[in-house]
Amino acid sequence: MAESQVPFPYDVESRAAIRAGLSEPRFIAYLDRAGGDESHAIELYLFNSRLAKSFLFPLNVVEIVFRNAVDQTLARIAGTSDWHKDRDFIDKTFSSRSNEALQKAIVRAGEQSDKNKLVAELNFDFWSNIFRREYASVWRTKINIAFPNLQRGEGRDNIQKLVCKINRFRNRVAHHEPILSENPPDMLSAIAKLIDLRCQTTAQWMRHHATADKIIRTRPTPQGRSIQDLASRLDKNFRAVCPDMNLARVFDSTGRSAAAIVCLGADDTPAAAFTKEDVADFICNRSQEAGGLVDLSDWSVQNLIDHLTPDRSWKPLPGPTPLSEAIGDLRKPGMRLLVGTDPTTGRPTGVIKRAHRRY
């Protein structure tokens with residue numbers, strides 16, 4: 001789920017429509033957590049979705065590492081990588097419940113499919129159930145084959161507790177249930193621990209690339225909502241330039257990634273604002289006139305501003321401007337850019353660029 005820089009207009013009608021779309025029983029779960037604050041409940045819903053998305057990668061890694069560990073251990077016990085074809089081994093090893101799940105997966109994968117496809121067909125419940133108490137004899141001497149980093153005194157029951165905890169959380173994420181009260185930091189640690197018991201390097205790799213820690217720290221509070229004023233949504237990555245700067249300098253190392261370019265007047269307040277698309281359009285026009293390549297050093301920011309249409313396509317607004325008002329300006333025909341300003345000095349503090357979609 002991507003963050004939108006441009007805020008959604010939460011008026012009375014839109015909030016009512018969102019509640020109806022999500023269903024009242026589902027929305028109430030968030031409304032209760034928000035203490036009856038409807039706007040905060042919507043923010044919590046969005047946060048829950050971002051949080052669930054951030055856990056997809058850790059859950060992906062732990063499930064694959066876990067099932068591969070069990071598969072390889074079963075192959076060691078059975079004496080063949082195709083343990084699923086050994087009827088005697090299956091009947092002696094698996095409970096009737098697990099046997100039934102295995103046979104259904106074989107049918108789904110296809111009788112002639114290779115074992116890798118079968119392993120992918122078996123769900124997390126199947127693999128986690130193999131650590132129930134009735135499988136104690138299977139793991140009594142083989143647990144360290146699957147999980148070589150277990151500490152002295154740890155065994156099957158430790159793995160079962162970890163796996164049950166992770167599986168329950170995984171199912172909540174998969175079914176789009178609230179996970180706000182699931183202690184996400186503790187859950188991420190549990191996932192990392194299970195992976196670590198199999199392979200410490202893979203656990204470190206997962207931790208390095210996981211974003212859940214960052215998302216956890218962005219939980220909205222009633223006092224600090226992200227949906228308040230223009231300043232809360234400004235993109236601070238803009239380039240400030242002066243009128244006589246040549247266009248080659250505009251796109252040096254600090255300008256290539258800028259969301260927009262703001263030209264400052266003598267008092268350091270915005271005198272004009274434009275986008276990289278405006279520069280590209282200007283270059284194309286000059287190239288057509290010259291009948292060839294254009295040297296950006298020959299043209300200044302002021303030349304570009306003079307080329308832009310006289311219609312106002314940008315607007316400066318103080319940071320504390322209500323978002324509803326800012327959205328109204330951004331929706332106006334021809335408006336493509338808002339420049340947020342410091343209410344005291346008038347200097348630019350960030351930009352909001354209109355995306356190529358309706359608002």
Given the options Pro333, Pro148, Pro270, which has the most mean-square fluctuation in a GNM of the chain, springs set between C-alpha atoms less than 10 angstrom apart?
Pro333
How much FRET efficiency would the formula 1/(1 + (r/R0)^6) give for Ser49 and Ala17, where r is the Cβ-Cβ distance and R0 is 22 Å, rounded to 0.05?
0.80
Per its Cα gyration tensor (rounded if a/c is under 1.5, else prolate when a/b beats b/c, else oblate), region 286-335 is best filed as prolate
What whole-number distance in Å separates the alpha-carbon centres of region 302-355 and region 100-146?
59 Å
Asserting the computed 222 nm helical MRE of the chain (DSSP H runs at least 4 long, -39500 (n - 2.57) per run, divided by residue count, to nearest 500) equals -15500 deg cm²/dmol
What does the net charge come to around Thr269 if you take all other residues with beta carbon closer than 11 Å to its beta carbon, with K and R at +1 and D and E at -1?
-2
Take every Cα pair under 8 Å in region 1-75 that's 6+ residues apart, average their separations, divide by the length, and report that relative contact order as a whole percent.
24 percent
Please list, in chain and number order, the residues 5+ apart from Ala272 or on another chain whose amide H is under 5 Å from its amide H, with Hs placed from the backbone.
Cys263
Hey, what do the phi angles of region 197-214 turn into as Karplus ³J(HN,Hα) couplings, whole Hz, using 6.51/-1.76/1.60 and θ = phi - 60°, x for Gly and Pro?
5, 8, 8, 5, 5, 5, 5, 5, 4, 4, 4, 4, 9, 6, 10, 4, 4, 5
Relative to the present Cα-Cα distance, how much length would full extension add between Arg152 and Gln288 at 0.36 nm per residue of separation?
41.3 nm
Point-to-point label distance, Asn123-Arg108, nm (Cα→Cβ direction, 7 Å offset)
0.7 nm
Which whole-Hz couplings ³J(HN,Hα) result when phi for each residue of region 144-156 is put into the Karplus expression 6.51 cos²θ - 1.76 cosθ + 1.60, θ = phi - 60°, listed in order with x for Gly and Pro?
6, 5, 6, 10, x, 9, 4, 7, 4, x, 8, x, 3
Unit charges at the beta carbon, dipole of the chain: most positive-side option, Ile130, Phe94, Leu230
Phe94
Calculated FRET value between Ala248 and Thr269, using beta carbons and R₀ = 41 Å, to 0.05
0.95
List, in order, the whole-Hz ³J(HN,Hα) value for each residue of region 275-285 obtained from phi through the Karplus relation with A = 6.51, B = -1.76, C = 1.60 and θ = phi - 60°; use x for Gly and Pro.
10, 5, 5, 5, 5, 4, 5, 4, 5, 4, 5
Note down the net charge around Ala136, summing +1 for each Lys or Arg and -1 for each Asp or Glu among other residues with Cβ under 15 Å from its Cβ.
+4
Region 25-146: relative contact order as a whole-number percent, Cα under 8 Å and 6+ apart:
22 percent
Viscosity 1.567 mPa s, temperature 4 °C, Stokes-Einstein D of region 74-139 from Kirkwood C-alpha radius, µm²/s:
106 µm²/s
For Cα Rg over 2.2 N^0.38 Å, with candidates (1) 1.17; (2) 1.41; (3) 0.98, the value calculated from the shown model is option (2)
Counting only residues 5 or more apart in sequence or on a different chain, those whose built amide H sits under 5 Å from that of Met245 are Val301, Gln302
In Å², and per residue, what accessible area does region 1-95 have when probed at 1.4 Å with the other protein chains present?
47 Å²
Neighbourhood net charge (11 Å Cβ-Cβ; Lys/Arg +1, Asp/Glu -1) for Met245:
0
For the chain, what's the relative contact order in percent, using C-alpha pairs closer than 8 Å and at least 6 residues apart?
16 percent
Given H placed on each backbone N at 1.01 Å, which residues far from Gly350 in sequence or on other chains put an amide H within less than 5 Å of it?
Gly340
From the Cα gyration tensor of region 83-193, with a ≥ b ≥ c the square roots of its eigenvalues, which class applies: rounded if a/c is under 1.5, or else prolate if a/b is larger than b/c, or else oblate?
oblate
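The values are calculated or read from the model by the stated rules, or taken from the named source; none is laboratory data. Keep in mind the model is a prediction, meaning the values are calculated, not measured. Please note: Cβ atoms are built from the backbone with ideal geometry, for glycine as well, and neighbour counts cover all protein chains shown. Keep in mind that these areas ignore ligands, DNA and RNA; they rest on the heavy atoms of the full protein, side chains included. Shrake-Rupley method; radii C 1.70, N 1.55, O 1.52, S 1.80 Å.
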